[in-house]
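Heads up: the structure comes next, in C-alpha cells.
What follows is calculated from the coordinates using simple rules that are stated; it is not laboratory data. Because the structure is a prediction, the values reported are computed rather than measured. Backbone-built Cβ (ideal geometry, glycine too); neighbour counts: all protein chains shown.
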Amino acid sequence: MTAKNMIPYVEGNSAIRAMFEEGARMAEQFGKENVYDFSLGNPSVPAPAEVNQAIRDILEEEDTLLIHGYNQSNSGYEDVRSTVAEHLNKLHGTSFTSQNIIMTVGAASGLNVAIKALVDPGEEILAFAPYFVEYGNYAKNHGAVLRAVPANTENFQPNLQVMQSMITEKTRAVIINSPNNPTGVVYSKETLTTLAAILEKCSKMYGEPIFIISDEPYRELAYDGVEVPYVTKFYRNTIVGYSWSKSLSLPGERIGYLVIPSEIDDFENAAAAANIANRVLGYVNAPTLIQRACARCIDCSTDIAAYDRNRKALYEGLSEIGYECTKPEGAFYLFVKSPIDDDVAFCALAKKYHILIVPGSSFACPGYVRIAYCVSYDTIINSLPHFRELLNEIRS
C-alpha cells in the first residue's frame, strides 16, 4: 500500500511533466513535426564541445578509481569547490573559498539541502507567485509550510509590501528565482535592495534570521544586456542554489552547487548541517565525474543566441496575433495572459491545435500560461498559425 504521506505528491504531480509525457504520445500519433511542445524547460542547445572533451580527458588523465568513487567530503571535491569559489569571486567581486561551496545534485537537491539545513518542521517559507511548481513539494519534504505571495501582474517583480505583511515569527526563509521561471523577469537591484531592508527589519523584530534562498539555474540566460544582480551582495543571510543544467545544457547530469557565505548567521553550524543534509537526504555527494568536468569548463557557456532568436520570434509573433505577453529578460520562458479566464481550459483547448503549454495555475498564478521556447526555431515559426487559429476560435 502506498504511504499516506505520498498521496498529496501523487495528486499534485507536476502538470509540466504530465504535459511533456502527453507530448510524446501525441508525437507518435501525429508526427513530431506536427506537435508544438512548449511544456518542458529542457535545453535545445547542445552542451559546449569542451564539456564532452573534458569528460574524455578526465577518464584518460585521472585516476578512475577516484573518479568513480565516493568523495572524501559530502560537500564535493576540495579543488572543484575552490575553482567554483574563485570563479564567483572573479565575476561578482565576492570573497568565497571552498568552505562556502557545497556541490549538489543539481539546483533541486541544493534547495532541498538548504531547506533541510535551515528550516524546522512547522516553520514557513515564502515564495513569490508565479514560482516553480516544485517549491511546495520541497517545503513539504521537510515538514515546512510554503506560503505564496500573490503575483504582481503589472511587471512580475516581487510583491514586496504584501510579502512584508505575510511575515510572522514562523517565517524562516524566502525563495526567489531570477531570471524567473515562468515569467523570464529579472529581479532588479531596486527590488533586491528593498527586499533586503524588509528582511533585515523583520529578522530584528522577531529575533531570528530570515534567509533568502536564491534559486539560480538561469543566471547566464539573460538578454539585451540585462544585468542579473548577485543576491549575496544585497543581503548577507542569502544561500544561493546554482545548476549547470541550463548554462551548460546538462540537466540530465544533475550537477550544481550551494553557496553559503561566511557572513550568514551561525555559518559554522549552517554549513555543517548542509554538508550532512547532502548525505542524509540520499544524495551522498554530487556526481564525481561531472564535478570535475564542470571545473575544467568553469568559463564555458552555452550559446544562447538560439534562445534569443526564439524569444524574439515568439514574443513578436504572439503579440502581433493579439496575445498579451510579458517580454522575457532571461531564462527561456514566455508568460502569456490566457485569452479566457480559465487557464487550464485554455491549455486543454490548445491541444486541439497540437500546442502543448502549461497553465499558470501550476505556478500559483491562474489566468496565465507558460510557453517554454527552448525548442527549434522551426517549431516556433510553424506554431504561430496554430496559435492564431486557437485565438480565432476563442473570439468567434
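Look at the alpha carbon pairs under 8 Å that are at least 6 residues apart: their mean separation over the length of the chain gives a relative contact order of 23 percent. Restricting the calculation to Cα atoms, the chain yields a radius of gyration followed by a Dmax of 21.1, 67 Å. Within the stretch 131-212, the GluC sites (Glu not before Pro) that combine a DSSP coil assignment with at most 10 other C-beta atoms in a 10 angstrom radius are GLU154. For the chain, adding -39500 (n - 2.57) for each run of n ≥ 4 DSSP H residues and dividing by the number of residues yields -13000 deg cm²/dmol at 222 nm. Panel note: the C-alpha atoms of the stretch 199-317, placed on their principal axes, show extents of 51, 38, 22 Å (largest first). Note on ASP299/SER396: beta-carbon distance plugged into 1/(1 + (r/R0)^6) with R0 of 51 Å gives a FRET efficiency of 0.45.
Post the alpha-carbon centroid distance, the stretch 314-367 to the stretch 178-199, in whole angstrom. After rounding, the separation between the Cα centres reads 22 Å.
With distances taken between every two different alpha-carbon atoms, the stretch 144-226 has a Kirkwood hydrodynamic radius of 13.7 Å. Highest GNM mean-square fluctuation among SER188, SER178, SER39, for the chain modelled with Cα contacts below 10 Å: SER188. Label point 7 Å out from VAL226 along Cα-to-Cβ: which residues of the stretch 290-322 have amide N under 13 Å? Correct set: 308, 311-312, 315. In summary, the stretch 38-169 shows an alpha-carbon radius of gyration equal to 1.38 times the 2.2 N^0.38 Å reference for compact globular proteins. In straight-distance terms, cross-link reach from LYS201 covers every one of the lysines whose alpha-carbon lies under 22 Å from its own, apart from those fewer than eight places away in the same chain; here that gives LYS170, LYS189, LYS233. Rg/Rh for the stretch 203-252 stands at 1.11; both radii use Cα atoms, and Rh follows the Kirkwood definition. For the stretch 241-329, trypsin sites (Lys or Arg not before Pro) are listed when DSSP marks them as loop and at most 15 other Cβ atoms sit within 10 Å of their Cβ; the list is empty. Build a GNM of the chain with springs between Cα atoms under 10 Å: which of ILE101, ILE355, ILE67 gets the top mean-square fluctuation? Ranking ILE101, ILE355, ILE67 by mean-square fluctuation puts ILE67 first. Going from the residue with the fewest nearby Cβ atoms within 10 Å to the one with the most, MET26, MET166 rank MET166, MET26. Average 1/r across all pairs of distinct alpha carbons in the stretch 262-351, invert it, and you get the Kirkwood radius: 18.1 Å.
Membrane-span-like helices in the chain (whole DSSP H runs, Cα extent of at least 20 Å along the helix axis, mean Kyte-Doolittle hydropathy of at least -1.0): 15-30, 78-92, 189-206, 305-321, 377-395.
In a DSSP loop and with at most 15 other Cβ atoms within 10 Å, the GluC sites (Glu not before Pro) in the stretch 59-119 are GLU62. Each 5 Å bin from zero up to the one holding the largest Cα-Cα distance in the stretch 69-296 carries the following percent of pairs: 1, 7, 15, 20, 21, 17, 11, 5, 1, 0, 0.
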